[in-house]
Amino acid sequence: MELNHSFKTTVGVCTSAGIKPVNEDAVGFSIPEDHLLNTKGAVAVVADGVSTAEAGKEAAERCVSTVLSDYYTTPETWSVKHAVQKILTPLNRKLYNLGNEIHDEARGYITTLSFLVVKSHLAYLFHIGDSRIYCLSAETGEFTQLTRDHTAGISKDENYLIRAMGMDTSLNVDASVVTLHQGDIFFLSTDGIHDFMPESEIRQLIEAHPDDYDAACRAIVDAASQAKSSDNLSCCLLRIDQLGLENIEDLNERLTRLPFPPELRPGLKIDGYEVLKEMYASERSQLYLVKDMDSGEVLVMKTPSQNYSDDPAYTERFIMEEWIGSRVDHPNVVKVIPPKNERKFLYYLMEMVEGETLEKWMEENPDRRPRDMIKLVDQISLGMEALHEKETVHQDLKPSNIMITPDLQVKIVDFGSVYAPGIHEIFTPMEREMALGTLDYADPSYRFQINTGIKGDIYSLGVIVYEMFTDFLPYGTKLEKCSSREDFLRLQYTPGYHHKDIIPLWFDRTLEKAVAIDPEMRYDSLKDFLHDLKTPNIEYLKEDVQQGGKRDTLLLWKMLSFVLFGLLVMSLLVSSTK
């Protein structure tokens with residue numbers, strides 16, 4: 001069955017009492033059809049109530065229903081493991097207490113429990129008891145048992161459970177993670193099936209019903225019955241027909257197992273890429289120019305610094321950089337390129353951008369044309385909007401993080417300081433931003449661990465535009481002397497026309513609002529900022545006339561500049577629509 005455009009799966013279940021009068025097994029699955037499929041994943045579960053317990057059937061049914069319902073009520077920002085821990089611990093305690101109410105030895109509500117959560121590119125397995133989870137791998141073709149039975153042998157033919165839900169106040173559940181491949185098939189079963197059937201026969205029956213997994217499960221149950229199974233029989237099949245988009249939690253789970261790469265020198269080869277040269281190195285990371293040895297394509301490889309190899313928070317943030325970049329596909333944002341082979345080290349790849357930074361471009365073009373600058377500002381804002389549409393704030397927008405190609409095309413680079421409120425990631429305080437040298441462009445609120453969302457990026461863009469048109473910063477070097485929020489709020493904005501007379505009043509008022517120290521005074525959206533930047537807002541001019549009331553030559557000159565600049569920008573807008 002098709003669930004949405006990014007994830008497809010085929011599922012089937014079957015359960016039978018077999019020769020027993022009561023079916024104490026429980027089996028089920030849940031695959032939500034909304035955004036929960038991406039944030040929480042799909043779940044398949046099987047439980048086998050202990051027959052010697054008074055309420056094994058109720059315990060199995062309670063476990064299955066609780067897992068399938070309560071897991072989806074946990075916060076979407078919780079990891080899978082954390083969410084499962086939070087539901088299984090009280091569930092186990094409840095079963096134990098219920099057992100104590102009806103039996104002094106707490107043998108009443110006891111059941112095995114095995115389930116998996118399929119989320120993005122990973123399967124999370126949780127298991128206690130002697131029910132099982134198998135995988136028929138699409139990559140290797142092997143049919144493998146992924147869980148181990150929690151049993152002890154009394155004799156050659158008789159075992160007993162040593163771990164189960166409701167057996168003790170403490171809970172010891174096996175948890176593991178496996179990487180998914182398209183076509184992987186997971187098989188969950190109770191011991192009434194796998195104790196009486198060889199794995200080879202189970203596999204044959206799965207492969208004999210590729211288009212109807214309910215029929216496959218019924219065939220397996222029937223085969224186990226014919227093999228003289230003396231227990232209840234239950235199983236579930238789940239096939240990964242199409243993988244969904246990888247999310248940050250899954251990427252983190254997969255990549256944190258990789259070692260940091262060593263220092264790379266020209267000529268070294270890593271996972272099919274040849275190192276051409278080192279482009280940049282700092283205390284925190286390195287950039288290398290590499291070539292795909294098969295296609296000849298030249299790419300940029302970013303590697304983490306060995307200085308932080310024992311810092312889990314650094315590793316998580318480095319991995320998040322790749323994830324953020326992979327979610328955004330826009331011509332004004334640098335593309336993250338998926339590696340062609342399985343990685344042996346932690347790194348990620350980006351497209352190679354021919355050109356120079358905006359910082360360098362401004363140095364080499366002191367007589368910049370307003371037309372060119374407006375063209376660049378438009379593209380920067382489009383790239384920022386692409387990030388914002390993914391609920392991502394760049395937080396470190398500055399001229400050195402903006403690449404300009406020879407034909408004046410913009411690429412926003414560097415996701416090292418991004419903030420994505422939709423994932424569980426702690427906001428990065430300003431101390432780290434200062435270490436990266438962005439004090440002149442970063443929102444002053446960051447210094448006080450205040451997250452201003454997109455208004456932080458609007459502030460940065462405002463500073464960049466001010467510098468492009470004046471060659472100065474709106475607050476000069478005064479930011480460096482501020483140590484408290486009150487110090488910042490007392491800062492005085494330097495009007496742009498103090499540096500360049502051609503800057504009209506309405507244009508300067510727009511910049512002043514964009515770079516206001518108080519976030520409440522800034523624009524609420526990039527769209528409004530860009531509109532006032534390119535379309536004369538007569539209200540700003542009225543304010544200035546009302547405040548001064550002067551009709552001197554300076555005002556006349558600025559009004560003339562207003563008209564000339566407005567005509568220039570409007571002519572640019574007309575030509576850009578042709």
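What the table below lists for this structure:
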read-out: Verdict on residue 105 being touching a Ser or Thr at 6+ places or on another chain (Cβ under 7 Å), modelled with pLDDT under 90 and surrounded by fewer than 16 Cβ atoms within 10 Å (Cβ to Cβ); value: no
read-out: Complete set of residues in region 176-198 that are among the charged types (D, E, K, R) and buried (at least 19 other Cβ atoms within 10 Å of the Cβ); value: 184, 191
read-out: In region 161-175, residue farthest from the chain's Cα centre (by Cα) [restricted to those that are in a loop (DSSP other than H, G, I, E, B), surrounded by fewer than 16 Cβ atoms within 10 Å (Cβ to Cβ) and not hydroxyl-bearing (Ser, Thr, Tyr)]; value: 162
read-out: Unmet criterion (only one of (1) closer than 16 Å to residue 413 by Cα; (2) in contact (Cβ under 8 Å) with a residue 24 or more places away in the chain) for residue 287; value: (2)
read-out: Leading residue by the ranking (surrounded by the most Cβ atoms within 10 Å (Cβ to Cβ)) among those in region 316-344 that are without any contact (Cβ under 8 Å) to a residue 24 or more places away in the chain and closer than 18 Å to residue 416 by Cβ; value: 336
read-out: Cβ-Cβ under 7 Å pairs, at least 6 apart or on other chains, region 226-246 side closer than 21 Å to residue 28 by Cα and in the same structural domain as residue 113 (by TED's automatic domain parsing), far side assigned to a loop (DSSP other than H, G, I, E, B) and β-branched (Val, Ile, Thr); value: 232/190; 233/190; 234/190
read-out: Those residues of region 205-218 which are part of a helix (DSSP H, G or I) and either surrounded by fewer than 14 Cβ atoms within 10 Å (Cβ to Cβ) or charged (D, E, K, R) (or both), in sequence order; value: 207, 208, 214, 218
read-out: Selected residue (criterion: surrounded by the most Cβ atoms within 10 Å (Cβ to Cβ)) from residues of region 396-432 that are over 16 Å from residue 334 (Cβ atoms) and at pLDDT 65 or above; value: 419
read-out: Selection within region 30-42 - surrounded by fewer than 24 Cβ atoms within 10 Å (Cβ to Cβ) and either closer than 30 Å to residue 100 by Cβ or not polar (S, T, N, Q) (or both); value: 31, 32, 33, 34, 35, 36, 37, 40, 42
read-out: Selection count where residues are modelled with pLDDT of 95 or more and surrounded by 15 or more Cβ atoms within 10 Å (Cβ to Cβ), scope region 358-371; value: 4
read-out: Residue check, residue 4 within 15 Å of residue 119 (Cα to Cα), modelled with pLDDT under 95 and surrounded by fewer than 16 Cβ atoms within 10 Å (Cβ to Cβ); value: yes
read-out: Residue that is nearest to residue 177 (Cα to Cα), among those in region 134-157 that are at pLDDT 90 or above and among the polar types (S, T, N, Q); value: 147
read-out: Residue 435 being small (Gly, Ala, Ser), over 17 Å from residue 514 (Cβ atoms) and at pLDDT 90 or above; value: no
read-out: Any hit, region 289-298, residues being modelled with pLDDT of 90 or more, touching an Asp or Glu at 6+ places or on another chain (Cβ under 9 Å) and crowded, with 19+ Cβ neighbours inside 10 Å; value: yes
read-out: Subset of region 139-153 (residues that are of a type in the set (Val, Ile, Thr) and touching a strand residue (DSSP E or B) at 6+ places or on another chain (Cβ under 8 Å)); value: 144, 147, 151
read-out: Considering residues of region 256-277 that are surrounded by 15 or more Cβ atoms within 10 Å (Cβ to Cβ) and closer than 18 Å to residue 416 by Cβ only, the residue nearest to the chain's Cα centre (by Cα); value: 260
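Matching residues to (1) touching a Leu at 6+ places or on another chain (Cβ under 8 Å); (2) in the same structural domain as residue 500 (by TED's automatic domain parsing); (3) not in a loop (DSSP other than H, G, I, E, B):
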{"residue": "323", "(1), (2), (3)": "yes, no, yes"}
{"residue": "368", "(1), (2), (3)": "no, yes, no"}
{"residue": "374", "(1), (2), (3)": "yes, yes, yes"}
{"residue": "377", "(1), (2), (3)": "yes, yes, yes"}
{"residue": "381", "(1), (2), (3)": "yes, yes, yes"}
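Residues checked against (1) in a helix (DSSP H, G or I); (2) modelled with pLDDT of 95 or more; (3) within 23 Å of residue 16 (Cα to Cα):
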site: 159; (1), (2), (3): no, no, yes
site: 178; (1), (2), (3): no, no, no
site: 187; (1), (2), (3): no, yes, yes
site: 200; (1), (2), (3): yes, yes, yes
site: 203; (1), (2), (3): yes, yes, yes
site: 220; (1), (2), (3): yes, yes, yes
site: 224; (1), (2), (3): yes, yes, yes
site: 228; (1), (2), (3): no, yes, yes
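The values are calculated or read from the model by the stated rules, or taken from the named source; none is laboratory data. Every value quoted in this text rests on a predicted model; they were computed, and no experiment measured them. A quick note on method: Cβ atoms are made from the backbone with ideal geometry, for glycine too, and the neighbour counts reach across all protein chains shown.
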